[in-house]
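Notes follow once the structure below has been shown.
The values are calculated or read from the model by the stated rules, or taken from the named source; none is laboratory data. In this text, all values refer to a predicted model and were calculated from it rather than measured experimentally. So basically every Cβ, Gly included, is an ideal-geometry build from the backbone, and we count neighbours across all protein chains shown.
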Amino acid sequence: MRDYKAFVKYSKPGPRYTSYPTALEFNTKFAYQDYIHILKAQTRDLSLYFHLPFCRSACYFCGCNVIYTAKEENKERYLKYLFTELELLKTHINTQRKVVQMHFGGGTPTFFSAQQLNRLIVKIKSIFVNFDDEAELSCEIDPRFLNEDQAEVLTQNGFNRISFGVQDFDEKVQKEIHRIQPFELTLEAVKMMRNKDVRSVNMDLIYGLPFQNLQSFSKTLEKALLINPDRFAIFNYAHVPWLKKNMRKFDETTLPSPDVKLEILEYCEKFLTKNHYKMIGMDHFAKPDDELFKALENGSLHRNFQGYTTKGGADLIGVGLTSIGEGISHYAQNYKDMPSYEKAIDEGKLPFERGVLLNDDDKIRKAVIMSLMANFTLDIKGIEREFGIDFKTYFARDLELLDEYKDFFSLDENALKVSETGALLIRNIAMCFDAYLQKYRDQKVFSKTV
């Protein structure tokens with residue numbers, strides 16, 4: 001195990017690069033009619049994201065856009081608006097286009113009943129009528145809210161990838177983060193989906209939570225391995241209490257230090273490699289027969305707001321409160337608050353609030369940053385051919401910034417290759433190519449990279 005104390009200096013505020021430019025650059029200059037024009041002009045395959053925002057209670061680590069409720073009428077009201085949003089979408093896009101991916105995120109999608117989920121899926125498929133036979137249909141699941149009826153609805157409707165939120169199996173950590181979830185409960189939830197022939201199971205873990213250390217997290221990993229998921233997503237906890245009030249409940253002295261977090265991440269990489277998983281990007285691990293692993297090998301791995309995906313050539317349409325869509329030259333986000341979301345739909349408009357149109361420089365830098373984030377490598381000659389630039393001239397200033405990390409990568413005229421150690425600092429390395437970061441230097445907007 002390396003001594004990571006010297007790495008503390010690299011713990012800087014920085015984006016996770018689920019997009020470039022980041023959501024901080026989204027603005028209202030990108031107008032509603034601009035968005036509608038783009039939707040009508042799109043011709044690529046479709047990826048659909050549905051945000052189901054409700055949870056019964058708060059998990060204190062959570063940075064998602066959620067609404068806490070126990071009222072059935074709130075879920076029914078939301079479904080009504082989702083259905084109307086789908087009908088509005090039908091008037092602006094070609095719904096005959098092939099759907100290659102669909103994802104239900106939250107919140108807790110399985111906080112909706114089996115009957116409600118089925119109604120939503122039936123509605124979606126009545127609008128988008130051309131689902132590919134090999135489409136990836138995925139759903140995030142809180143094992144505490146899953147029953148046989150819901151599992152049956154999902155699998156009978158073709159859902160083939162399930163992601164289970166776990167975070168940590170340590171009881172002390174679970175109590176502190178306000179998410180009591182026994183190992184046995186999670187095991188039974190996974191078995192429930194496996195028994196219905198779900199082909200890919202992912203498990204989400206988080207390191208950097210209160211009271212975690214290398215010893216405790218290694219025990220969580222050992223337990224997780226007993227469940228035998230096809231993928232792991234092991235995220236660095238993003239502590240942003242100035243944005244998320246629930247995070248203020250943590251005593252910050254109980255959070256592990258940056259060097260301990262790096263020790264945990266290195267241990268995850270070594271432990272999972274020994275157990276036949278491979279690191280994919282900065283926070284995913286997959287078995288050799290998993291689609292993510294194959295995408296890494298053939299260069300088709302893509303990063304977006306759902307993390308890493310194999311469906312990089314599709315236009316992403318975000319549906320529901322706060323959802324984000326992505327195309328070749330834009331990002332678009334729906335309203336984040338329910339009154340504004342409902343008001344737009346009541347007026348017969350899509351609930352689009354803001355977004356960004358990418359200029360030529362954005363497109364170049366997006367290609368560079370996303371390649372680094374997905375593959376830890378950059379095909380310099382490929383970038384030069386695609387965009388008609390001389391890489392070292394175009395990025396002269398960026399390469400000066402990159403010099404701080406010279407021990408963690410190799411660079412020649414053909415490629416930039418990040419080392420195994422450098423992969424632990426991939427956000428820092430990608431940040432060197434970000435044209436917008438400087439203006440946020442003195443603002444609290446990002447979580448720490450380490």
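For segment 1-12, give me the residue count where each residue is outside any helix (DSSP H, G or I) and either within 10 Å of TYR331 (Cβ to Cβ) or out of contact with any strand residue (DSSP E or B) (no Cβ under 6 Å at 6 or more places or on another chain) (or both). It would help to see each step written out before you state the result.
The initial filter retains those residues of segment 1-12 that are outside any helix (DSSP H, G or I), namely 1-4, 11-12.
From what's left, either within 10 Å of TYR331 (Cβ to Cβ) or out of contact with any strand residue (DSSP E or B) (no Cβ under 6 Å at 6 or more places or on another chain) (or both): 1-4, 12.
Going through segment 1-12 one residue at a time, the tally reaches 5.
Scoring LEU350 on the criteria (1) within 30 Å of TYR32 (Cβ to Cβ); (2) more than 21 Å from the chain's Cα centre (by Cα); (3) part of a helix (DSSP H, G or I) leaves a single failure, condition (3).
Among the residues of segment 306-319, is there at least one that is assigned to a helix (DSSP H, G or I), of a type outside the set (Phe, Trp, Tyr) and either surrounded by 18 or more Cβ atoms within 10 Å (Cβ to Cβ) or at pLDDT below 95 (or both)?
No - not one qualifying residue is present in segment 306-319.
Can you find even one residue in segment 282-303 that is over 22 Å from ARG199 (Cβ atoms), surrounded by fewer than 18 Cβ atoms within 10 Å (Cβ to Cβ) and among the acidic types (Asp, Glu)? No, every residue in segment 282-303 fails to be over 22 Å from ARG199 (Cβ atoms), surrounded by fewer than 18 Cβ atoms within 10 Å (Cβ to Cβ) and among the acidic types (Asp, Glu). Would it be correct to say that GLU342 is surrounded by fewer than 20 Cβ atoms within 10 Å (Cβ to Cβ), under 29 Å from PRO109 (Cβ atoms), of a type outside the set (Lys, Arg) and modelled with pLDDT of 90 or more? Against the criterion (surrounded by fewer than 20 Cβ atoms within 10 Å (Cβ to Cβ), under 29 Å from PRO109 (Cβ atoms), of a type outside the set (Lys, Arg) and modelled with pLDDT of 90 or more), GLU342 qualifies.
Answer yes if at least one residue in segment 420-427 is in contact with a Gly (Cβ under 9 Å, 6 or more places away or on another chain), of a type outside the set (A, V, I, L, M, F, W, C) and either over 26 Å from LEU358 (Cβ atoms) or assigned by TED's automatic domain parsing to the domain that holds ILE380 (or both), and no otherwise. Looking through segment 420-427, at least one residue is in contact with a Gly (Cβ under 9 Å, 6 or more places away or on another chain), of a type outside the set (A, V, I, L, M, F, W, C) and either over 26 Å from LEU358 (Cβ atoms) or assigned by TED's automatic domain parsing to the domain that holds ILE380 (or both). Considering each residue of segment 97-113 in turn, none proves to be in a helix (DSSP H, G or I), within 20 Å of ILE324 (Cα to Cα) and aliphatic (A, V, I, L, M). Residues that are touching a Pro at 6+ places or on another chain (Cβ under 6 Å), assigned by TED's automatic domain parsing to the domain that holds ARG44 and within 17 Å of ARG194 (Cα to Cα) do occur in segment 122-139, at least one of them.
Scanning segment 339-363 for residues that are touching a Lys or Arg at 6+ places or on another chain (Cβ under 9 Å) and of a type in the set (A, V, I, L, M) returns VAL356, LEU357, LEU358.
Among the conditions (1) touching a residue at least 60 places away in the same chain (Cβ under 8 Å); (2) more than 30 Å from ALA114 (Cβ to Cβ); (3) among the hydrophobic types (A, V, I, L, M, F, W, C), ALA41 misses just one, which is (1). One residue stands out in segment 290-305 among those that are in a helix (DSSP H, G or I) and without any contact (Cβ under 8 Å) to a residue 24 or more places away in the chain: the one that is nearest to TYR331 (Cα to Cα), namely ALA295.
For (1) among the polar types (S, T, N, Q); (2) assigned by TED's automatic domain parsing to the domain that holds VAL166; (3) within 23 Å of ALA374 (Cβ to Cβ), each residue gets a yes or a no:
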{"position": "PHE217", "(1), (2), (3)": "no, yes, no"}
{"position": "PRO241", "(1), (2), (3)": "no, yes, no"}
{"position": "THR253", "(1), (2), (3)": "yes, yes, no"}
{"position": "GLU263", "(1), (2), (3)": "no, yes, no"}
{"position": "LYS278", "(1), (2), (3)": "no, yes, yes"}
{"position": "LYS287", "(1), (2), (3)": "no, yes, yes"}
{"position": "SER300", "(1), (2), (3)": "yes, yes, yes"}
{"position": "GLN306", "(1), (2), (3)": "yes, yes, yes"}
{"position": "ALA332", "(1), (2), (3)": "no, no, yes"}
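Just one of (1) touching a His at 6+ places or on another chain (Cβ under 7 Å); (2) surrounded by fewer than 20 Cβ atoms within 10 Å (Cβ to Cβ) fails for VAL356. It is (2). If you go through segment 36-59 and keep only what is within 25 Å of TYR308 (Cα to Cα) and either in contact with a Pro (Cβ under 6 Å, 6 or more places away or on another chain) or not in a loop (DSSP other than H, G, I, E, B) (or both), you end up with ILE38, LEU39, LEU46, SER47, LEU48, TYR49, PHE50, HIS51, LEU52, PHE54, CYS55.
Screening PHE128 on (1) modelled with pLDDT under 95; (2) of a type in the set (Phe, Trp, Tyr); (3) within 22 Å of ILE38 (Cα to Cα) shows it passes everything except condition (1). The combined condition, being over 25 Å from the mean Cα position of the chain (by Cα), among the acidic types (Asp, Glu) and at negative phi, is not fulfilled by GLU85.
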